[in-house]
Every structure is written in C-alpha cells, then in structure tokens.
Amino acid sequence: MKKANGHEIIQLFESWSPKKLACMENDPIGLAIGTLNKEITKVLVTLDVNDEVTNEAIEQGCELIIAHHPPIFRKLSNLRTDTPAGKLYEKLIKNDIAVYAAHTNLDVAEGGVNDLLADALQLENRKILEKTYHENLMKLAVFVPDDYAEIVRLALAKAGAGSIGNYDSCSFSTNGQGRFRALEGADPFNGDIGEMEKTDEEKIEVVFTHSIKNKVLKAMLNAHPYEEPAYDLYTLAVETNEMGLGRVGTLKEPMTLERFAEHVKAQLLVPRVRVVGDPNSLISKVAVIGGDGNKYIHVAKRSGADVFVTGDIGFHIAQDAQTMGLNIVDPGHHVEKVMIKGVAEKMKTLCLDAKLSVEFIQSEVNTEPFIFI
Ligand SMILES: [Zn+2]
C-alpha cells in the first residue's frame, strides 16, 4: 500500500462517477475548496458541508471532504469572513481541508445516489427512469498490408476497440489492393520512389466509444507499418453506454400504498413521509429519484410506475400527480444520505484495488434541517 495524493483519489472517484455525467446546467461539481496537490490519509464522506461537518473533519484529521451537495452552489461575489458561509470557507481553508463535490454526476452514475436508493427500496428488474447520457459509437476502417493485419487487429483490441456487450476483439475484414506512389522525400514501406505500387491489403473495421477515440487511433498508428496509414473515422448513429437519472423497478411482492409508505420509512430511516394517493391502492412498480423530483412526475407516470418516491414535492405538483393518478411518497430530500455509506464503501474498494492507503470516514452529523413534530 502506498500513500495517496488528492489527484489519485479523485481520479479513481471520477473513473466511477465522471464529471461528464452531470445533467444540470453549470452544476458546480469538482474541487470546490482547497487543493488536491497534497498527501491524503483520511477522507470524510458527507451529504452536506456545514460547520458541524467541518468540525467532524477536523477532529477526525481528514484532509479531504467528498460531498454530494456542492458547498459553493451560486457564484460568490465576495469572500467575506463575517458571513456564515464565508466563515465556513475560512475554517475549511485555515484547516487545509479540501472539498470535492459530486452532485448530479453521482445521481446518474451506476451505483450512485439513485441506485443506492433503489437498493434500499429493494427494487428488482431495474431500469433508468430518464436517460440523460449516451455515447455514440465510432467506426474506424483502416487499410493494412496483409502481413501486418494481425498485429494491427491485436493492437486495436488491446486499446479497447471492438468491445461489444459481452464480446471483445470484434472486427470485420475485407481483402483488396491498395495503390500508391511514393514521392521524393518519402520512406515507403513497400515500393520505390516515383513508381506506382500495388499491395495486398486488408481493410479492418472496428467500433468503439467516442471516449477512447484517441487511445484507439494512437494504438493503430503505432502498430501500422506505413509512414502515412490510410484510414476512415466516422461517428455512427448507434448509441451506447446509456445512463440517466432515477430508477424504476418492481417490488418482490405487491403491497398497498400504506404498507409501501411504511417500507420507505423503514428502509430509508425517516420518521415521516408525505403521501399522495389512495392508501389502499396496490403498488408493484416503483419509480425513484433522489433529491428534488418535482420535474419528473410525468416521466414517472410514463414509466408505468404505481408510485413515485422523491423529495421536495410542492403543493401544485402533488395536485397534478393526484389528477393524473400517480401515487407519491415523499420521504424528503435528506434520504440522499444513503450516498455516505455507498460512496465510502465504493471508494474504499477502488483505493484498495489501486493499493492506495486511504481511510474513508462516514460522516455521522445529521444535516437534515427539518425536524418532525
Ligand atoms: Zn440533493
């Protein structure tokens, strides 16, 4: 095990929950306060950053906080230390505690907030509720002299090209003849300067995601024997790696809305939930979105869900849901606290695999602003 620096830890985090998954415009994700250019032995994982959480980080000796809710959500117009927010930033900086925020990217990520909520509610046959991210497949067709076809094919496969579902090393080849004339100054692999050359070549076609384009091209160019390899590269209309917000799935056994509300309370550890709908109606399909799901009642209804579990439901949205016959269970925004254990455990595994010695501490501070009387 070796000591970790902040960049190494965040690189591992972003290999799981990359910034490109963020689905809110100008979502202030990433490093918010401090620096990652330092050794880190302890990381505190929290839903929110407030004064109490900062004290916890200081007491526990944490050099980094990973939070779901960005501590600087709106642009600052000053950095006064005589305001509550300013005092908080001052305390973090004076104690050399960095804060990294993973917000909507962590909602979307596989195993992120929404999966953790769906896990807690024990949803089966799970699907994404609202797709917010996909990648387009790209295709590379490269013309290689026959003797080098195998070498180039292997290099492409090693770079990740030709991975389709549960298959890898997928490619398609056609044989033909390549023609070229090397001009003065060239150093041709085949043929002579100024002479037309005809070579038996293989056209190798492979697909891959846009995210590994540079790696694949580099691998092909390194393995190809020609000075000027000929290739076509284009984006396909085929979409892959679909990811998104919310999850929809089924319960092992159907239950009444009233019993389901009790199930939500017990599983998400909340003392009260607000419910819209007939308590006796039967629930088998459940849609869930962590945080504020007001914008998604129509998506939830279209998914065929019998109930939508989400926080911060407003009065008129509740009325709309009632009118369209969508049951709602609102356990509050704070149920996103499931991310504390989820992120800490995931990061512990990632760091162990990378042989980095870092401790992930789950915040025990209750940042729920509401009390239930
Ligand atoms: Zn939230």
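The values are calculated or read from the model by the stated rules, or taken from the named source; none is laboratory data. The model shown is predicted, which means the values in this text are computed figures rather than measured ones. Positions of Cβ are backbone-derived with ideal geometry, glycine not excepted, and every protein chain shown enters the neighbour counts.
Tell me whether segment 292-306 contains one or more residues that are within 17 Å of Ala118 (Cβ to Cβ), under 20 Å from the mean Cα position of the chain (by Cα) and surrounded by 19 or more Cβ atoms within 10 Å (Cβ to Cβ).
yes
Restricting to segment 10-24, give me the number of residues that are surrounded by fewer than 21 Cβ atoms within 10 Å (Cβ to Cβ) and either in a strand (DSSP E or B) or small (Gly, Ala, Ser) (or both).
So the answer is 1.
Tell me yes or no: at least one residue of segment 249-272 is among the charged types (D, E, K, R), within 16 Å of the ligand (Cβ to nearest atom) and out of contact with any Cys (no Cβ under 8 Å at 6 or more places or on another chain).
No: zero hits.
Quick one: His7 ticks every box in (1) in contact (Cβ under 8 Å) with a residue 40 or more places away in the chain; (2) of a type outside the set (A, V, I, L, M, F, W, C); (3) surrounded by 14 or more Cβ atoms within 10 Å (Cβ to Cβ); (4) not in a loop (DSSP other than H, G, I, E, B) bar one, so which box is it?
(1)
Restricting to segment 154-191, name every residue that is loosely packed, with under 11 Cβ neighbours inside 10 Å and acidic (Asp, Glu).
Across segment 154-191, the qualifying residues are Glu184, Asp187.
Please go through segment 89-112 and pick out each residue that is within 16 Å of Ala22 (Cβ to Cβ) and assigned to a loop (DSSP other than H, G, I, E, B).
If the condition is that a residue be within 16 Å of Ala22 (Cβ to Cβ) and assigned to a loop (DSSP other than H, G, I, E, B), then Ala102, His103, Ala109, Glu110, Gly112 are the ones that fit.
Answer with yes or no whether Asp48 is more than 16 Å from the ligand (Cβ to nearest atom) and at pLDDT 95 or above.
Criteria not met by Asp48.
Within segment 32-66, track down each residue that is under 17 Å from Pro84 (Cβ atoms) and free of Cβ contacts under 8 Å to residues at least 40 places away in the same chain.
Of everything in segment 32-66, just one residue is under 17 Å from Pro84 (Cβ atoms) and free of Cβ contacts under 8 Å to residues at least 40 places away in the same chain, namely Asn55.
Can you pull out the residues in segment 133-153 that are among the hydroxyl-bearing types (Ser, Thr, Tyr) and touching a helix residue (DSSP H, G or I) at 6+ places or on another chain (Cβ under 6 Å)?
Tyr133
Residue-wise test of (1) more than 14 Å from the ligand (Cβ to nearest atom); (2) assigned to a loop (DSSP other than H, G, I, E, B); (3) among the charged types (D, E, K, R); (4) within 30 Å of Arg302 (Cβ to Cβ).
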residue	(1), (2), (3), (4)
Leu36	yes, yes, no, no
Val43	yes, no, no, no
Ala57	yes, no, no, no
Lys87	yes, no, yes, no
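Looking for whichever is more than 16 Å from the ligand (Cβ to nearest atom) and surrounded by 19 or more Cβ atoms within 10 Å (Cβ to Cβ) here; the options are Leu123, Leu76. Which one fits?
Leu123
In the set Thr235, Thr240, Thr250, which member is surrounded by 15 or more Cβ atoms within 10 Å (Cβ to Cβ), modelled with pLDDT of 95 or more and of a type in the set (Ser, Thr, Tyr)?
Being surrounded by 15 or more Cβ atoms within 10 Å (Cβ to Cβ), modelled with pLDDT of 95 or more and of a type in the set (Ser, Thr, Tyr) holds for just one of Thr235, Thr240, Thr250, which is Thr250.
Taking the options Asp27, Asp115, name whichever one is assigned to a helix (DSSP H, G or I), within 16 Å of the ligand (Cβ to nearest atom) and surrounded by fewer than 23 Cβ atoms within 10 Å (Cβ to Cβ).
Asp115
Across segment 269-290, what is the total count of residues that are closer than 12 Å to Gly332 by Cα and surrounded by fewer than 22 Cβ atoms within 10 Å (Cβ to Cβ)?
Here the count works out to 7.
Just name the residue that is nearest to Val365 (Cα to Cα) out of those in segment 53-74 that are touching a Ser or Thr at 6+ places or on another chain (Cβ under 8 Å) and of a type in the set (D, E, K, R).
Per the stated criteria, the residue is Glu56.
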